[in-house]
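S.K.: Sending over a structure as structure tokens; questions will come in a sec.
Derivation of every value follows stated rules applied to the coordinates shown; laboratory data play no part. The structure displayed is predicted, hence computed values, not measured ones. Positions of Cβ are backbone-derived with ideal geometry, glycine not excepted, and every protein chain shown enters the neighbour counts.
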Amino acid sequence: MKLREALAALNLGIAAAGDGLDQEITGGYASDLLSCVMARAQKGNVWVTLQSHPNIVAVASLLNLAGIIVTEGTRPEEATIEKANQEQLTILTTPLTTFTVVSKLAALGVE
């Protein structure tokens, strides 16, 4: 599944896209602790979090994640969006809870 397909299936918003909507999702990871993401997320994963500060871009770029879904109506900070655009990293948004997003991604076949 590509990020573009998750965007449509979950009716997500786009905070930053770059060229990343055609990134292939290899799996998913959900956490709000950056240290856990750094230790456990894998290249190509989509990261589901309610964090919105610029450090999420640094972590996602370091790990070569497919993108980030920011949940619970949290709007990424402007500095986060700017950094994501510089890094060509996709950040998607939703008012849904992290649990709901993860459940829907799992139903779509994202492990």
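S.K.: So, in the stretch 56-83, exactly how many residues are in a helix (DSSP H, G or I), within 13 Å of the chain's Cα centre (by Cα) and not hydroxyl-bearing (Ser, Thr, Tyr)?
M.R.: The number of residues fulfilling the criteria is 7.
S.K.: How do the pairs read when you match residues in the stretch 64-88 that are in contact (Cβ under 8 Å) with a residue 12 or more places away in the chain with residues anywhere that are among the charged types (D, E, K, R) and part of a loop (DSSP other than H, G, I, E, B), using Cβ under 6 Å and keeping only pairs 6 or more apart or on different chains?
M.R.: Sorted first by the residue in the stretch 64-88, then by its partner, the pairs are Asn64/Lys43; Gln88/Asp19.
S.K.: Something else about it: Condition test on Gln42, is it farther than 19 Å from Leu21 by Cβ, more than 12 Å from the chain's Cα centre (by Cα), among the polar types (S, T, N, Q) and not in a helix (DSSP H, G or I)?
M.R.: Here the answer is yes, as Gln42 does meet what is asked.
S.K.: Anything in the stretch 83-96 that is in contact with a helix residue (DSSP H, G or I) (Cβ under 9 Å, 6 or more places away or on another chain) and either exposed (fewer than 15 other Cβ atoms within 10 Å of the Cβ) or not aliphatic (A, V, I, L, M) (or both)? List them, or say none. It would help to see each step written out before you state the result.
M.R.: Taking the stretch 83-96 and keeping what is in contact with a helix residue (DSSP H, G or I) (Cβ under 9 Å, 6 or more places away or on another chain), we get 83-84, 86-92, 94, 96.
Within the stretch 83-96, Lys83, Gln86, Glu87, Gln88, Thr90, Thr94 qualify.
S.K.: Could you go through the stretch 18-35 and let me know if any residue there is under 15 Å from Leu108 (Cβ atoms) and of a type in the set (A, V, I, L, M, F, W, C).
M.R.: So far as the stretch 18-35 goes, yes, one or more of its residues are under 15 Å from Leu108 (Cβ atoms) and of a type in the set (A, V, I, L, M, F, W, C).
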